[in-house]
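Just below is one structure, and these are the notes that go with it.
The values are calculated or read from the model by the stated rules, or taken from the named source; none is laboratory data. None of these values were measured; they are calculated from a predicted model. A quick note on method: Cβ atoms are made from the backbone with ideal geometry, for glycine too, and the neighbour counts reach across all protein chains shown. All accessible areas refer to the heavy atoms of the entire protein, side chains included, with ligands and DNA or RNA removed. Shrake-Rupley method; radii C 1.70, N 1.55, O 1.52, S 1.80 Å.
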Amino acid sequence: MVHPLQKLINGFERFRSEGIDDPHLFSRLLEDGQKPEVMVIGCADSRVDPGVVTSCKPGELFILRNVAAIVPPYGPDERPHAASAAIEFGVRRLCVKHILVLGHQACGGIRALAEGTVGLEFMAPWVGVMDDARRIVAGSGLEPKAQLLLLEQAAVLGSLRNLLTFPWIEQRVVRGELTLHGWWFNLAEGRPMAFDPLHQRFVPLTDTIRPIDHRVDVTATGRAAPLSLEGFVARAVADAGMAPFPGA
């Protein structure tokens, strides 16, 4: 059996010899610097690597990965904030034009949010950022398996909503300089689905349904439109053929 690290070394050599069609790619990236147009906020889960599932090359994506693809709300203080620092660098220094929050099916972080984090030191406060989503989904009346899937998707919306609490993100969204997208990766089928704000549901990405059509809209007042977790869950309940739950 090949040692895990040896497998990485072999893979790197294979990448250098077969995976790069431009022999000057890295020297150009070093000289010119990185200029990605898309930032992906994804989960640390080993099954959903943003660069792999989108077939992107080095330099095309600026990627932040953490447990459950969570974005905390804006809250600058003297403490370190790894996720917010990466978001700030992507938006204010690299000037990315799109931010894509990529959640996925069977997310361990979301399961921990739903079921508890006994025995883990750092998980509870982190996944607790999405406690509003957990509370709303828990009141849906759906069966547990459906609730877990719905919570995975609701957390994507929660992260999009938190992105809009960053003033320099909201300003760029309002000016049309930055577009926010919410995707959820269906592991069973190996394909992403995009949030459609018009119909309040995730829809398959096809040749006729582009992710650009599922961006966060700007209201007539010139402010970025808030994403309604209650509205999203209410739509899911309606799709399931159930009566609206209290508070929806």
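The table that follows gives values for the structure above.
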item	result
Residue match in the stretch 51-66 (condition: in contact with a helix residue (DSSP H, G or I) (Cβ under 8 Å, 6 or more places away or on another chain) and of a type in the set (Val, Ile, Thr))	yes
Search result, residues across the stretch 26-57 that are open to solvent by 40 Å² or more (accessible area, probe 1.4 Å), touching an Asp or Glu at 6+ places or on another chain (Cβ under 9 Å) and closer than 21 Å to residue 110 by Cβ	none
Qualifying residue in the stretch 170-186 (condition: at pLDDT 70 or above, under 22 Å from residue 126 (Cα atoms), assigned to a helix (DSSP H, G or I) and not hydroxyl-bearing (Ser, Thr, Tyr))	no
The stretch 20-45 residues that are more than 16 Å from residue 56 (Cβ to Cβ), paired with ones that are open to solvent by 60 Å² or more (accessible area, probe 1.4 Å) and outside any loop (DSSP other than H, G, I, E, B) (beta carbon under 7 Å, 6 or more apart)	43/65; 44/65
Enumeration of residues in the stretch 55-95 that are within 21 Å of residue 192 (Cα to Cα) and within 14 Å of the chain's Cα centre (by Cα)	61, 62, 63, 64, 65, 66, 67, 68, 69, 70, 71
Members of the stretch 37-65 found to be at pLDDT below 95 and either of a type in the set (Ser, Thr, Tyr) or touching a Ser or Thr at 6+ places or on another chain (Cβ under 9 Å) (or both), listed by number	54, 55
Test: residue in the stretch 60-73 that is among the basic types (Lys, Arg), within 30 Å of residue 176 (Cβ to Cβ) and outside any loop (DSSP other than H, G, I, E, B)	yes
Yes/no for residue 98 being within 21 Å of residue 171 (Cα to Cα), within 16 Å of the chain's Cα centre (by Cα) and buried (at least 16 other Cβ atoms within 10 Å of the Cβ)	yes
